[in-house]
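To keep things clear, I will list the structure first and then write my remarks on it.
The values are calculated or read from the model by the stated rules, or taken from the named source; none is laboratory data. None of these values were measured; they are calculated from a predicted model. Neighbour counts are summed over all protein chains in view; Cβ atoms, including those assigned to glycine, are modelled from backbone coordinates with ideal geometry. All accessible areas refer to the heavy atoms of the entire protein, side chains included, with ligands and DNA or RNA removed. Shrake-Rupley method; radii C 1.70, N 1.55, O 1.52, S 1.80 Å.
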Amino acid sequence: MVTVKLSLSMLLLFLLLNIFQCSAEILYIPVTKEASTLQHIIEVGQRTPLVPIKLLVHLGGRSLWVDCTNSSSYKSSTYKSAVCNSTQCFMSKSHGCGNCKFRSQLQPGCNNNTCYIWGENPLINTYIDHAEVAEDVLTIGSTPGVRVTWPRFIFTCLIDPDMVRLLANGVTGTAGFGHESLISIPNQLALDPRFTRTFGMCLSSSTRSRGVIFIGSGPYNVYKPKKVDIPKDIVYTKLITNKRGFLLSDEYYFQISSIRVAGQDVPLNKTLLSINNKEHGTGGTKISTAMPFTILHTTYYDVVKTAFIKALPKNVTLVEPPPMSQFGDCFSSENIKNSNVGPDVPVIDIVLYKPSAFWRIYGANSVVQVTKDVMCLAFVRQDQRWNPTIVIGAHQLEENLLVFDLPRKKIGFGSSLKLQQASCSMYDNTIMS
């Protein structure tokens, strides 16, 4: 086990070095897909003595937070709340500092002379303003044969029973991988000189195997059983920082220029493709690992589904969606053939800064089998007036490598690993033996 001991005063130095440095090693963080909720989960060790903690992967989250509502749920001899005006408070960009006011006794999540930030649950779009900043022991991921331990990892402790609502059974918080916050997981792990502020994400489509988040600059490999270098066909685009409210958002926004279905552009209101700074940062396109399926603004969904249905084989019959389904358009799968990239349905291209730069969504990611004989278009129609126009969800990301290069403010999109008859679960060559 390797223990990382770094002075917090070295933060700016390491962040500057990471602009130019290539990582010597990669930290592997296994990611599981929970069957009933389809949430993507990581497990870390935290506290003294160590306790295994399951966390929802929140790509745009500011911090790692855990539920501290029950005074007996968080017990640790190494827990330390952040003292007002400390380095930890500065790093977390706390908006307030003070004493515990909502519990009769002090406990983790409610201490005196400590700072706090906003806490959020992306599943219910709920925020609280009193997430206590603290530090404790954390073990996370592994390099080959080594689990990395941080004795003073900064996180937030939340006291609010509503904040764990809709989290999968046994999940007690979220793992924030945001790009702006200095206390997000990738930005804190980059304090270790072995790693950089670049990470790759490869989510598995199976609930029986694990995907992975790679911390470090790569290369990222899968094995089938021979090694496959998966970043070769990465298409990069600019990471856009969006200001929502008083803070810069940690969400991953990027600009798209059009959407193609079966090679043809669909008619879009191009105004909605850009972030509207006059309307508090609405519009635009972001990536969310918390949303199971991609959400499209109502007008966008309508033109995409019309083009998709039109391009289906003529012998495919449209059917009503199953009761209580979140999907709006379904069809019989009887005459849909299979291919190495899933059901043989029209491809959908997310076109980036020019027509030749696009991320292609194949059948495995564009549709979902809801019953034995019925498939549905795996997109959700929703009024997004006060939200991003497009939210790319986890189903569309699965079995695709995404690279987040934070120093250079770039997002990279890879093609489906199914094209190479590989999967995100094959990241570790030891599991192939």
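Tabulated data
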quantity	calculated
Region 96-119, residues that are closer than 19 Å to LEU59 by Cα and either without any contact (Cβ under 8 Å) to a residue 12 or more places away in the chain or open to solvent by 30 Å² or more (accessible area, probe 1.4 Å) (or both)	TRP118
Only listed residue being part of a strand (DSSP E or B), within 19 Å of the chain's Cα centre (by Cα) and of a type in the set (A, V, I, L, M, F, W, C), chosen from LEU56, LEU38	LEU56
Only listed residue being modelled with pLDDT of 95 or more, more than 18 Å from ILE234 (Cβ to Cβ) and out of contact with any Pro (no Cβ under 7 Å at 6 or more places or on another chain), chosen from VAL341, VAL370, VAL380	VAL380
Matching residues in region 382-408 - criterion: being outside any strand (DSSP E or B) and within 13 Å of the chain's Cα centre (by Cα)	GLY393, ALA394, HIS395, GLN396, LEU397, GLU398
When residues of region 333-360 are limited to those that are small (Gly, Ala, Ser) and not in a loop (DSSP other than H, G, I, E, B), the one surrounded by the fewest Cβ atoms within 10 Å (Cβ to Cβ)	SER339
Region 372-397 residues that are farther than 15 Å from VAL345 by Cβ and open to solvent by less than 30 Å² (accessible area, probe 1.4 Å), paired with ones that are assigned to a loop (DSSP other than H, G, I, E, B) and among the aliphatic types (A, V, I, L, M) (beta carbon under 8 Å, 6 or more apart)	ILE390/ILE256; VAL391/MET291; GLY393/MET291; ALA394/LEU38; ALA394/LEU203; ALA394/ALA290; ALA394/MET291; LEU397/LEU203
Complete set of residues in region 120-135 that are β-branched (Val, Ile, Thr) and buried (at least 19 other Cβ atoms within 10 Å of the Cβ)	VAL133
Hits in region 143-173 - residues which are touching a residue at least 60 places away in the same chain (Cβ under 8 Å), under 20 Å from ASP129 (Cβ atoms) and out of contact with any Leu (no Cβ under 9 Å at 6 or more places or on another chain)	CYS157, LEU158, ILE159, ASP160, PRO161, MET163
Residue list for region 264-302, filter: within 18 Å of PRO346 (Cβ to Cβ) and in contact with a strand residue (DSSP E or B) (Cβ under 8 Å, 6 or more places away or on another chain)	ASP265, VAL266, LEU268, PHE293, THR294, LEU296, TYR300, TYR301, ASP302
Residue in region 279-287 that is open to solvent by 40 Å² or more (accessible area, probe 1.4 Å) and either not basic (Lys, Arg) or not in a loop (DSSP other than H, G, I, E, B) (or both) present	yes
Region 43-87, residues that are among the acidic types (Asp, Glu), under 19 Å from ASN112 (Cα atoms) and either open to solvent by 70 Å² or more (accessible area, probe 1.4 Å) or assigned by the TED database to the domain that holds ALA394 (or both)	none
Selection count where residues are modelled with pLDDT of 95 or more and in a loop (DSSP other than H, G, I, E, B), scope region 225-267	10
Residue match in region 316-332 (condition: open to solvent by less than 10 Å² (accessible area, probe 1.4 Å) and either over 30 Å from GLY216 (Cα atoms) or assigned to a loop (DSSP other than H, G, I, E, B) (or both))	yes
Odd one out for PRO292, checked against (1) open to solvent by 50 Å² or more (accessible area, probe 1.4 Å); (2) of a type outside the set (D, E, K, R); (3) in contact with a helix residue (DSSP H, G or I) (Cβ under 6 Å, 6 or more places away or on another chain); (4) closer than 30 Å to THR32 by Cβ	(1)
Residues that are open to solvent by 50 Å² or more (accessible area, probe 1.4 Å) and of a type in the set (Val, Ile, Thr), drawn from region 267-278	THR271
All positions within region 361-371 that are open to solvent by 10 Å² or more (accessible area, probe 1.4 Å) and assigned to a strand (DSSP E or B)	VAL368, GLN369
